[in-house]
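Inspection log for the structure reproduced underneath, given as structure tokens.
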Amino acid sequence: MNIVGVDLGGTYVKIGLVDSKNGKILKKSSIETKVELGGQEVVKRIANAILELTEGTDYHAVGIGSPGSIDKENGIVRFSPNFPDWHNFPLGSLLSELLGKNVYVENDANSFALGEKWFGAGIGKNHIVALTLGTGVGGGVISHGTLITGSTGIGAELGHVIINPNGPLCGCGNYGCLESYASATAIVRMATERKKKFPDSIIFKNEKVTAKAVFDAARDGDRLALMLRDEVVEALAIGITGFVHIFNPEVVIIGGGVSRAGDILFEPLRKRVNELVMPTFKDTFEIIQSPLVENAGILGAASIVLQREN
């Protein structure tokens with residue numbers, strides 16, 4: 001059975017035709033979102049891209065991973081910072097009308113967790129905490145094989161767990177959220193704030209500072225980069241320890257651009273979490289880098305269909 005997965009972002013929409021038996025992406029494409037054209041036009045563009053991608057090929061249904069607060073039962077985007085004009089926007093029904101197929105909508109961080117369960121590091125697992133470290137920090141929790149989304153469907157905002165109430169201002173309006181320490185945006189901010197004190201750091205050898213540059217410099221032993229890496233690790237370790245104590249997962253899966261730092265991030269993170277967790281939780285879970293890389297969004301979106309219809 002083939003499924004279309006749509007990874008809806010504020011800048012680009014990635015679309016893939018996925019074989020649900022093995023998670024193989026048979027075809028994929030990408031279009032600009034062009035939010036400024038308005039919701040109806042964005043949906044038409046997505047529909048046309050799906051029709052073009054699937055021409056001559058049958059598919060069962062469509063899953064969409066969208067940023068923001070989602071009414072998943074009705075396929076409605078209640079609110080999304082990426083789409084400021086989308087208030088109670090009927091994304092699912094509009095796209096379904098254009099395609100003549102069932103369309104399922106889910107929060108993109110939740111869909112990442114589903115993608116890991118069906119096709120990634122969570123295969124065979126029923127208790128999963130999934131974190132995405134990108135521009136922001138998103139998360140999804142699966143318990144007994146089912147997404148935990150709370151009474152109104154907006155739960156598991158793992159990136160907005162407060163690590164330090166006296167910490168930096170987060171985009172959500174609170175202070176000291178995990179996102180304000182462990183996102184790519186936060187890492188760049190923390191590096192830039194210390195440029196005057198560490199002007200010779202190799203982080204700044206190129207005009208543009210990136211999270212990747214920080215971790216590359218840490219591998220080379222750069223003093224500032226190692227300090228920043230340690231701060232990211234500490235924040236993540238505090239957050240993950242809390243998630244482990246609450247949800248008792250079999251696995252904590254970390255994806256997103258920041259996760260591509262690899263061992264320079266994961267080795268000290270595993271060590272620090274092991275120091276912080278209660279003794280009864282030691283050796284009950286693993287911390288794993290997502291294997292899905294750039295296909296995580298598409299596979300996660302396709303997994304929405306499998307989860308809803310399973």
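The values are calculated or read from the model by the stated rules, or taken from the named source; none is laboratory data. Worth saying up front: this structure is predicted, and the values here are computed from it rather than measured. So basically every Cβ, Gly included, is an ideal-geometry build from the backbone, and we count neighbours across all protein chains shown.
Things worth noting here:
- Filtered residues of region 275-298 (kept if of a type in the set (Ser, Thr, Tyr), out of contact with any strand residue (DSSP E or B) (no Cβ under 8 Å at 6 or more places or on another chain) and either closer than 24 Å to ALA109 by Cα or not in a helix (DSSP H, G or I) (or both)): THR284
- Subset of region 11-23 (residues that are surrounded by fewer than 20 Cβ atoms within 10 Å (Cβ to Cβ) and either part of a strand (DSSP E or B) or acidic (Asp, Glu) (or both)): TYR12, ASP19
- Here LEU26 does not fit the description of being in a helix (DSSP H, G or I) and either at positive phi or loosely packed, with under 15 Cβ neighbours inside 10 Å (or both).
- Selection within region 34-69 - more than 18 Å from PHE89 (Cβ to Cβ) and either in the same structural domain as GLU157 (by TED's automatic domain parsing) or polar (S, T, N, Q) (or both): ASN48, THR54, THR57
- Of the helices (runs of 4 or more DSSP H) lying entirely inside region 183-274, those containing at least 1 residues that are under 23 Å from GLY120 (Cα atoms) and of a type outside the set (Gly, Ala, Ser) span 223-247.
- Residue check, LEU265 outside the structural domain of GLY75 (by TED's automatic domain parsing), modelled with pLDDT of 95 or more and not acidic (Asp, Glu): yes
- Complete set of residues in region 78-97 that are modelled with pLDDT of 95 or more and either in contact with a strand residue (DSSP E or B) (Cβ under 8 Å, 6 or more places away or on another chain) or surrounded by fewer than 16 Cβ atoms within 10 Å (Cβ to Cβ) (or both): ASN88, PHE89, PRO90, LEU91, GLY92, SER93, LEU95, SER96, GLU97
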